[in-house]
Amino acid sequence: MEKKLLFALDIGTRSVVGMVGEQTASGIRVLAVERREHTTRAMLDGQIHDVPEVAQVIGEVTSRLVAIVGPLKRVSVAAAGRALCTLTAGAEIECSGRGALTADDDRGLELAAIQSAQQQLATTKAVPDPTGYYCVGYSVVRFTLDGTTMKTLVGQRGKLAAIEVIATFLPRQVIDSLQAAIEAAGLEMATLTLEPIAAINVLIPPTMRHLNLALVDVGAGTSDVAITRDGSVIGYGMVPFAGDEVTEAVSQAHLLDFTVAEMLKRKLGNSSKKVAFTDVLGVAHKLPAAELVASTAPVVADLGQAIAAQILALNSTPPQAVLLVGGGSLTPGLPKAVAEALGIAASRVAIRRPDTVEGLCDIPPDLIAPDGVTPLGILKLAGGRSLTFVQVRLNDRPLRLFNLGRMTVANALLVAGVDVRSLHGRPGMGMTVTVNGEKRFLAGSMGQTGHILVNGKEALFGDSVNEGDVIKVEKGKDGTSPAPTVADLVAVPEPFTITIDAVPVTVGPELTVNGKAAAAGTRLADRDRIVCRRPVTLGEVMAAAGRPVEPQEYHYIVNGSERTVVRRPELTLNGVRCGEEAAVTGNDVIATAEAGAPTLGELVGLDEATEAALTVLFNGDSCRIPLRRCSFTVAGKPAKAADVARPGSYIDFASYELQPMVSDVLLAAAFDPHSLPPGSRVDVLVNGKTAEFTTPVKNGDKVELAVGRVLANRP
């Protein structure tokens, strides 16, 4: 069986690293690695300035690898983030009734989100010329299903699926020069990614992305930045400031050729040694490494500040930690400079090496170094989109596709500006109604799925598209909205018969729409309010029968002020007195009676049972003495509290506090003085002591009345 080889090139400002790996069931096994440095400054800040020179170096690296593994044609590469533009975009689809979501749905959402990012690029003036930028990669921030975050939507069911992505765009000249150098070396571009995307896939797997980390790939020309937080990549950035600036500082400080200064810089890791060099004047020097490091301190501090500023621009606050990779990360003092610029502990900024990489095996020792992270990441991501042009026809129109790997139907739709969501057909608009106070949502019918044909055959988003293919897209048809009647939503109860004051009455259900009487066949609209219920209580039945239980009002003038008393009728159900809340069923018998006018005592709120009083014993019998005395006058005539207050009466009412005396006890006990024998001598005793009729009494006193020497009315 033929080996499936993957070829990756890391075309950097300082050097070109080539790698070949074999795709196996357990991942990618690294077979060969070659590195070659540029002999001139053919690249600056990640941009190719001398295409033939870079192509020559690429050709030399490729030739060495071919000698080891055999012919190589298609290569995966990464672009530095020079003039990088990143945009956050999203997309969503309604998926209720669609069944389990598929990988094709996942892919469709991703492309819809990228399309949204491209529309943003074209309309928000994020860059001067949007047509001169290409999407070179994207990272999924999150999938959500009905508001819940998911790792993937495949196999899920719900109502609304959504995606959020970070799309990265680079200027056309960056990509064009990269492609030109590759083609000049006799190769074809198989996949393209962004250098920080490649690096982050090596050092920060998804299981670490819940941490707020900053990955900084410090190369020779650029420092690329990626930020993770809350389980995903949240941003990419680039600083056009890296190792070459440190080399320039060494060159300027000691009058050195740039190439000599670069070699000298790489010897500064051991500050205890002395390094020898000859300047452009031919003068030989031998200086402590620490002295040369000191000469680079200002530019290293500036580099740390620039990296920190980009991190803060993407993350707003200092991250939990910073991971430095790339050859420039070995610059003495850089981790400390970054930590100081961010205001975090120096221990939270570290240089990382790819000791182990998930999905890669047999990593050579030469690549277990900070500058091995990006090449390994490019190899790991090999198999993505390529940058070749494919000529196809879509709905009878010619379409030239800028390919990003294996070209698919989805890529063609994206470039043609076809909204992939329109292929599903929108569900009909639902409606919300309220039934007896409870909201109900009625969904519209599902839309009909459209069709994609490639060369006359049904195709999916992920199907390949090749040169000369004819694509036909039929958009889906939208569903319809519901049009229910009242009877579709509620069961209308049957009428029943009762008897009210000896008259049979038929009572039907209460049925209204938006407060107006309706029938079972009434057609409903969105936001209608339906009330449909059978009268249950006595009050509801009386109202439904046209005999609502209405209170009677009685009006009076009391002490010159108007006063109104409300009295409700007396109700009986099957001969038993009850209230309006009593439950009524068919064939029940109801009787009503007016409650009548109140008494004078009821009118003024006088309740003898609750009035304040004291209790004494009169001749051994309990006697209750009120502490307040009331008087009524109706139309100028005395009246009693128990008298009925005739409507419209003018009533005078007075009350005053009473200090009970023996005379009040006699009055409350209804003692009749005429019952005494003529000429009798009467003695009054309170608690056994002689008292007068005006003697005050208090609660619990014993009052006795004696005639002569014999106690009267002694039991």
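Computed from the coordinates by the stated procedures, all read-outs in this text should not be read as laboratory data. Here the structure is a predicted model, which means the values were calculated and not measured. Every residue, glycine among them, receives a Cβ derived from its backbone with ideal geometry; neighbour counts consider all protein chains shown.
Charge dipole (Cα centre; +1 on Lys/Arg Cβ, -1 on Asp/Glu Cβ; no other charges) of the stretch 483-596 amounts to roughly 200 debye. Of all aspartates and glutamates in the structure, those lying under 13 Å Cα to Cα from Lys702, and not within fewer than 8 positions of it along the same chain, are Asp621.
Go through the stretch 86-171 and name the GluC sites (Glu not before Pro) that are in a DSSP coil and have 11 or fewer other Cβ atoms within 10 Å of their Cβ.
Details: sites: Glu92, Glu94, Glu110, Glu164; in loops: none.
Within the stretch 86-171, no GluC sites (Glu not before Pro) qualify (loop, at most 11 other Cβ atoms within 10 Å).
Pairwise Cα distances in the stretch 645-703 exceed 17 Å in 55 percent of cases.
Cross-link partners for Lys3 among the lysines, with Cα-Cα distance under 22 Å and sequence neighbours closer than 8 places in the same chain left out: Lys73, Lys380.
Computed from label points 7 Å out along Cα-Cβ, the spacing between Arg529 and Lys273 is 8.6 nm. Report the normalised scattering of the stretch 483-596 as log10 I(q)/I(0) at q = 0.11, 0.12 Å⁻¹, calculated by the Debye formula with identical scatterers on the alpha carbons. Reported log10 I(q)/I(0), two decimals: -0.50, -0.57.
In the set (1) 26.8; (2) 35.1; (3) 28.1, the label that goes with Kirkwood radius over Cα pairs in Å computed for this structure is (2).
For the chain, what is the calculated [θ] at 222 nm in deg cm²/dmol (nearest 500), taking -39500 (n - 2.57) for each run of four or more DSSP H residues and dividing by its residue count? Mind dumping the intermediate values first?
Details: 14 runs with 156 residues, N = 715.
Result for the chain: -6500 deg cm²/dmol, rounded to the nearest 500.
Approximating the spin labels as points 7 Å out from Cα along Cα→Cβ, the Glu60-to-Ala297 distance works out to 3.8 nm.
How large is the convex hull of the C-alpha atoms of the stretch 107-154 per residue, in Å³? Please report the intermediate quantities before stating the final value.
Numbers: hull volume 4.6 nm³, N = 48.
Hull volume over Cα atoms, normalised by residue count, gives 97 Å³.
Rg of the Cα atoms in the stretch 602-711, relative to 2.2 N^0.38 Å, amounts to 1.31. Of the complete DSSP H runs in the chain, those spanning 24 angstrom or more by Cα along the long axis with a mean Kyte-Doolittle score not below 1.0 are 51-69, 289-315.
If each residue's Cβ is checked for other Cβ atoms within 10 Å, how do His674, His38, His285 rank with the fewest at the top? Present the calculation step by step, with values, prior to reporting the outcome.
On the way: His674 5, His38 20, His285 16.
Listed from fewest to most nearby Cβ atoms, that is His674, His285, His38.
Partner aspartates and glutamates whose Cα lies under 20 Å from the Cα of Lys151, excluding those fewer than 8 positions away in the same chain, are identified as Glu92, Glu94, Asp104, Asp105, Asp106, Glu110, Glu164, Asp230, Glu358.
Counting only DSSP beta bridges with both residues in the stretch 208-351, the antiparallel share comes to about 70 percent.
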